[in-house]
Amino acid sequence: MKKPSLQFNNMLLLLMLFSHFSCKKSETPSTPAPPTAFTLTSIAVQNGFLLDAYKCEPKVSGVEKSIPLSWSNIPSTAKSLAISMIHYPNASDSSIISTYLTLWNIDKSVTAIPYGMAKNGAWFMGANKDGNVISYTSPCSAGPGTHNYIITLYALSAVPPSLPTQHSLSVNYAVLKNALTSVTVIDKAVLNFKSVTP
């Protein structure tokens with residue numbers, strides 16, 4: 001019987017190696033897609049700037065209409081949400097903070113707060129910038145120039161137990177931040193925007 005040629009043996013070896021590595025490649029699990037980010041947005045903000053229609057909201061019984069907000073991809077382990085909106089009156093001094101909105105005890109099923117509805121949901125609100133009314137404060141800086149605002153949505157492991165179970169003038173950004181130390185902040189979604197005063 002004629003022996004297989006060396007060339008035939010080499011071709012057979014290459015075929016076996018190719019089959020081996022092809023199988024190995026198909027057995028390798030695909031890389032999972034990265035998780036979608038927890039995101040906070042507002043139709044009142046375009047290209048990083050607050051639209052004029054949402055500036056200097058008129059007061060009705062001391063209350064101003066709140067900025068519309070919506071969010072997506074809440075962490076599955078979150079039990080509650082909270083929101084803060086702040087402004088640094090002096091850009092060079094981050095120790096001085098004005099509180100424009102404080103909300104807590106927001107159910108994780110909530111994914112939006114319509115325009116002007118921040119005080120009307122099944123959650124609680126803190127004081128306005130001046131600390132004299134339970135309300136949102138609309139950006140309306142007296143000085144000319146560009147002013148920066150930061151809205152943060154917190155996904156929490158629980159409602160902070162030190163916060164009141166009702167609207168309260170005693171709650172501002174500092175009080176909220178301190179209360180958050182008693183629970184786990186699972187994730188944060190931040191919306192930065194600017195408001196220009198002529």
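Nothing in this text is a laboratory measurement; each read-out follows from the coordinates by a stated rule. From a predicted model like this one, the values you see are computed outputs, not experimental measurements. We place every Cβ from the backbone using ideal geometry, glycine too, and count neighbours over all the protein chains shown.
Compared with the rule-of-thumb size 2.2 N^0.38 Å for a compact globular protein, segment 67-198 has a Cα radius of gyration ratio of 1.02.
Work out how much length T146 to V185 would gain on full extension: take 0.36 nm times their residue separation and subtract the Cα-Cα distance, in nm to one decimal. Could you put the intermediate results ahead of the total?
Details: separation 39, 0.36 × 39 = 14.04 nm, distance 3.07 nm.
The span from T146 to V185 would gain 11.0 nm if fully extended.
Computed 3J(HN,Hα) for segment 78-93, one whole-Hz value per residue from the Karplus formula 6.51 cos²θ - 1.76 cosθ + 1.60 where θ = phi - 60°, is 5, 10, 7, 10, 9, 9, 10, 9, 10, 8, 9, x, 10, 4, 8, 9, glycine and proline marked x. Proximity of backbone amide H atoms, modeled 1.01 Å from N, is registered between H167 and M125 at under 5 Å, excluding neighbours fewer than 5 places apart on the same chain. Under 13 Å from a label point set 7 Å out along the Cα-to-Cβ vector of N192, the amide N atoms of segment 66-103 belong to 88. Other residues with beta-carbon under 15 Å from the beta-carbon of L40 carry, at +1 per Lys or Arg and -1 per Asp or Glu, a net charge of +1.
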